[in-house]
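These notes concern the structure reproduced below.
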Amino acid sequence: MPRRGGRVHIAETRRHYEGKEYKTTLLRRSYREGGKVKNETVGNLSHLEEWMIDGLRAMLAGKQLVDLNEDFEVVRSLPHGHVAAVLQVLRELDLERLISRERCRERDLAIAMVCQLVIASASKLSMTRRFGQTTLGEELHVGEVAEAELLSAMDWLLDRRQRIERTLARRHLEPGSFVLYDLSSSYFEGRCCPLAELGHNRDGKKGKPQVNWGLICSPEGRPVAVQVHPGNTEDSTTLPGALEAIRERFGIERVILVGDRAMITDAHAKTLKELGSGFVSALKTAQIRKLMSSGELQLSLFDETNLAEIASEEFPSERLIVCRNPHLAQERARKREDLLQATERELARVKQMVDGPRGSLRGAPAGKIGERVGRVSNKYKVAKHFELQIAEGSFSYQRKHKQIETEAALDGIYVLRTTCGADVLTSQAVVRVYKQLKLAERAYRTIKDALDVRPIRHHLQERVESHFFLFLLAYYLLFELQARLAPMLYTDETPLTPADPVAPAQRSKTAKSKDASHRTANGQVAHSLEDLIKDLGTLCRNTIRIGDSRYTFTRLTTPTELQANAFQLIRVKPGK
């Protein structure tokens, strides 16, 4: 027998017989004999399972196999996908350099807080733990963080706030364009902050001190600045500060300010005119009634159209755009009737208590009956539409039909006011511009609900201001994320602009399809932005150790199809 050497290898042979394929796996050795290459079969491996054959093939290739139960260890697994996405968008927005050109501990902590608010909002104390619960702490190299360091970073960030807001204003505001401004409030825990005051609480937290804060937004709803005021500040008194910020700090002399009817009062309208700034706002209900009683506004205007322009001596040098939305009129009439009927049911119970043979108020004095009626008469805020008659052992009620009819005549009617000439804004454009306030309202909802700005637990005024500035930056980042991921969300990517600006907005055909099927155009499940960010977080960075080695290496979990699509839209590669 000739001496045969060479390394063995695994070979597969396939043959077909009567329409069937038969595979044979052999262990072979190649050798030369007489100048020819020949193969020697060492053994038949066909009876082995595929994973065993793969293992043999790997060992023959020089790889070392390990016991997955004993020699393979996942040392740590940290959520990474959402961190990679948020940091990529933040850096493309140039927020790191905008906050500080030079990298420093304070900048890293400020960036970490902004990203953490987007990933999963938390208190400052909770953030000191959460940075290490994802790869955010590793990516920004923040290490262990104390709460005092975060508070110090907030103070450091506040010193740069005006410069940052000026830059954002240069990016997104243009001279002569319109600026959105609105105000909201958030409640405090504690009473030590000088800004914490009782006021008109929009959070439904009666008896809680609060702070008022106003957002200045670009026409598309991007936030560029935030102002913080004591909780008892009236909405209208915050307007001069906002205008000063736009004119003095941002250097924009001519703007068109868009505010709701409570924001731009007659006094402020006069000031805006004197300063040469245009505005778009709306009249209050009492002012509309006054126009109707004077004959300057007649309902016959809406016989053939739902939009008309009128003039009034009470509003000199202003244009008044009168609109009637029949859909809004129907909805308000329905709500009013529901509230009236609910109030009647409450009053009927009281009447039964007075008139019933076993009623608890039968024969009761008028004062006691009145006390009981007072507890329910305005439960649904329509007591003004009822005439109540209370006497000893007697109670009756009836609707004020004439008053209800007078109020119903204004259903669906609103009047916009502006100082902009028709050459700047047509009547239709005024309506569309005013409706853009919904974008500022959306910003408040997102900051309050998704980013969870409340409650406020800071005691120093400067910290409260820095707290809201952090949330402004977080929403600025979230706004961009929403825009990029729109194809995967319920967001309407191509909203329809109706020819009639007064008509309710309609979602596009694509958006309606998303709503009905809960699927995107490519057949994937449609998400809210919050849910999609959480899904991205399931892509993890795993730290792995093999055997007794002191060395470890990292590997990412394989992205799902959904995650891969999201990363493609954001233009991010998760890395290692």
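Structure notes:
- Of the residues making up the range 557-567, one or more are over 14 Å from residue 486 (Cα atoms), loosely packed, with under 15 Cβ neighbours inside 10 Å and not β-branched (Val, Ile, Thr).
Residues checked against (1) closer than 17 Å to residue 492 by Cβ; (2) under 25 Å from the mean Cα position of the chain (by Cα); (3) of a type in the set (S, T, N, Q):
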{"position": "527", "(1), (2), (3)": "yes, yes, no"}
{"position": "556", "(1), (2), (3)": "no, no, no"}
{"position": "563", "(1), (2), (3)": "no, yes, yes"}
{"position": "566", "(1), (2), (3)": "no, yes, no"}
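- Contacts under 8 angstrom Cβ, first residue in the range 375-392 being more than 16 Å from residue 337 (Cα to Cα), partner open to solvent by less than 70 Å² (accessible area, probe 1.4 Å) and among the acidic types (Asp, Glu), 6 or more apart: 376/346
- Hey, residue 200 touching a strand residue (DSSP E or B) at 6+ places or on another chain (Cβ under 9 Å), farther than 30 Å from residue 483 by Cα, open to solvent by 70 Å² or more (accessible area, probe 1.4 Å) and in contact (Cβ under 8 Å) with a residue 12 or more places away in the chain or not: yes
- Residue count for the range 456-514, restricted to those that are of a type in the set (Val, Ile, Thr) and in contact with a Phe, Trp or Tyr (Cβ under 8 Å, 6 or more places away or on another chain): 1.
- Pair list, Cβ under 7 Å, 6 or more apart: the range 10-33 residue in contact (Cβ under 8 Å) with a residue 40 or more places away in the chain, other residue open to solvent by 90 Å² or more (accessible area, probe 1.4 Å): 10/57
- Of all residues making up the range 354-381, the number that are hydroxyl-bearing (Ser, Thr, Tyr) and open to solvent by 30 Å² or more (accessible area, probe 1.4 Å): 2
- Single unsatisfied condition, residue 553 versus (1) of a type in the set (A, V, I, L, M, F, W, C); (2) in a helix (DSSP H, G or I); (3) surrounded by fewer than 18 Cβ atoms within 10 Å (Cβ to Cβ): (2)
- Members of the range 242-257 that are assigned to a helix (DSSP H, G or I) and surrounded by 15 or more Cβ atoms within 10 Å (Cβ to Cβ): 242, 243, 245, 246, 247
- All positions within the range 484-530 that are among the hydrophobic types (A, V, I, L, M, F, W, C), under 27 Å from residue 116 (Cβ atoms) and open to solvent by less than 60 Å² (accessible area, probe 1.4 Å): 485, 486, 488, 489, 526, 529
- Scan of the range 79-99 for residues that are open to solvent by less than 10 Å² (accessible area, probe 1.4 Å) and in contact with a Ser or Thr (Cβ under 8 Å, 6 or more places away or on another chain), ordered by number: 80, 81, 83
- Out of 140, 136, 109, 150, sole residue that is of a type in the set (A, V, I, L, M, F, W, C), surrounded by 19 or more Cβ atoms within 10 Å (Cβ to Cβ) and within 23 Å of residue 528 (Cα to Cα): 136
- Residue count for the range 263-297, restricted to those that are touching a Leu at 6+ places or on another chain (Cβ under 6 Å) and either open to solvent by 10 Å² or more (accessible area, probe 1.4 Å) or of a type in the set (Lys, Arg) (or both): 1.
- Residue match in the range 387-410 (condition: of a type in the set (A, V, I, L, M) and open to solvent by 50 Å² or more (accessible area, probe 1.4 Å)): yes
- Those residues of the range 412-447 which are surrounded by 15 or more Cβ atoms within 10 Å (Cβ to Cβ), closer than 30 Å to residue 147 by Cα and modelled with pLDDT of 85 or more, in sequence order: 443, 446, 447
- Check on residue 460, open to solvent by 50 Å² or more (accessible area, probe 1.4 Å) and within 38 Å of the chain's Cα centre (by Cα): yes
- Members of the range 127-155 that are among the hydroxyl-bearing types (Ser, Thr, Tyr) and outside any loop (DSSP other than H, G, I, E, B): 128, 152
- Condition met for residue 102 (more than 18 Å from residue 475 (Cβ to Cβ), out of contact with any Ser or Thr (no Cβ under 7 Å at 6 or more places or on another chain) and charged (D, E, K, R)): yes
- Matching residues in the range 315-370 - criterion: being of a type in the set (D, E, K, R), farther than 30 Å from residue 297 by Cβ and in a helix (DSSP H, G or I): 344, 345, 346, 349, 351, 355, 368
- For the range 226-261, the set of residues classified as over 22 Å from residue 276 (Cα atoms) and among the aliphatic types (A, V, I, L, M) consists of 226, 228, listed by residue number.
- Of the numbered criteria (1) closer than 30 Å to residue 228 by Cβ; (2) in contact with a Lys or Arg (Cβ under 7 Å, 6 or more places away or on another chain); (3) in contact (Cβ under 8 Å) with a residue 40 or more places away in the chain; (4) open to solvent by 10 Å² or more (accessible area, probe 1.4 Å), the one residue 260 fails is (2).
- Unmet requirement for residue 74, which otherwise passes all of (1) touching a Ser or Thr at 6+ places or on another chain (Cβ under 8 Å); (2) open to solvent by less than 10 Å² (accessible area, probe 1.4 Å): (2)
- Flag if residue 351 is over 30 Å from residue 423 (Cα atoms) and surrounded by 13 or more Cβ atoms within 10 Å (Cβ to Cβ): yes
The values are calculated or read from the model by the stated rules, or taken from the named source; none is laboratory data. Computed from a prediction, not measured in an experiment: that's the story for all the values here. Cβ atoms come from the backbone with ideal geometry, glycine included; neighbour counts cover every protein chain shown. For accessibility, only protein heavy atoms count, side chains too; no ligands or nucleic acids. Shrake-Rupley method; radii C 1.70, N 1.55, O 1.52, S 1.80 Å.
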